[in-house]
Amino acid sequence: MWCEAVLTHKQAQEKLTTMMMKNSLKLLLLVGVLLASTIMASAQKTVHVRGYTRKDGTVVSAHDRAAPGTSSRSSSRSASSRITSSPIYSQSTRTSDGRIRRSSRAKHDFMRMSPCPSTGKCSGGCRGYVVDHIKPLACGGDDTPSNMQWQTKEAAKVKDKWERHGCR
């Protein structure tokens, strides 16, 4: 009787081992399929990036890029083609009395792309702030949105003092 019990116990162990091997193969296959589908799906995901102006004044136009966590580089446009310096604005020229001619369109476009820090509005006045040229017009800077930034009135007064003497 004891031998029969050992035999059945041995048979049960073999059956259990066989089932575990079949199930672990199925589980391994399932994990492989899920991993492959996740990789395929994430490689195709893209996110839309709105246009923005970098701190250095460079304008980056709106574009699509690979989703975070994906290493896909399948974008048809290179990063450098998304960066523009807007050739539609005229270069700084001087008026008959020697003052630098400003482009109202460039300022308007800058305000549209970079809302006022205090109100969040894209048009109208911006209390406490002025539109400042990163590279001053007097130093050869362009009158384009890519060369503009919001600056507090106090900081603008300080910057204007040293700009007047620094470029001439």
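The values are calculated or read from the model by the stated rules, or taken from the named source; none is laboratory data. Please read all numbers here as calculations on a predicted model, not as lab measurements. We place every Cβ from the backbone using ideal geometry, glycine too, and count neighbours over all the protein chains shown.
Out of the residues in region 141-160 that are in contact with a helix residue (DSSP H, G or I) (Cβ under 9 Å, 6 or more places away or on another chain) and assigned to a helix (DSSP H, G or I), which is farthest from residue 100 (Cα to Cα)?
146
Return the only residue of 127, 102 being surrounded by fewer than 18 Cβ atoms within 10 Å (Cβ to Cβ), more than 19 Å from residue 52 (Cβ to Cβ), of a type in the set (D, E, K, R) and modelled with pLDDT under 85.
Checking each option against the conditions leaves just 102.
Hey, any hits in region 62-82 for a residue that's charged (D, E, K, R), within 30 Å of residue 141 (Cβ to Cβ), at pLDDT 70 or above and part of a loop (DSSP other than H, G, I, E, B)?
No, that holds for no residue.
Run residue 163 past the list (1) farther than 15 Å from residue 55 by Cβ; (2) in contact (Cβ under 8 Å) with a residue 24 or more places away in the chain; (3) under 23 Å from the mean Cα position of the chain (by Cα); (4) in a helix (DSSP H, G or I) and report the number of the one that doesn't hold.
Answer for residue 163: the failing condition is (3).
Looking only at region 106-140, which residues are farther than 21 Å from residue 165 by Cα and in a strand (DSSP E or B)?
Result: 129, single match.
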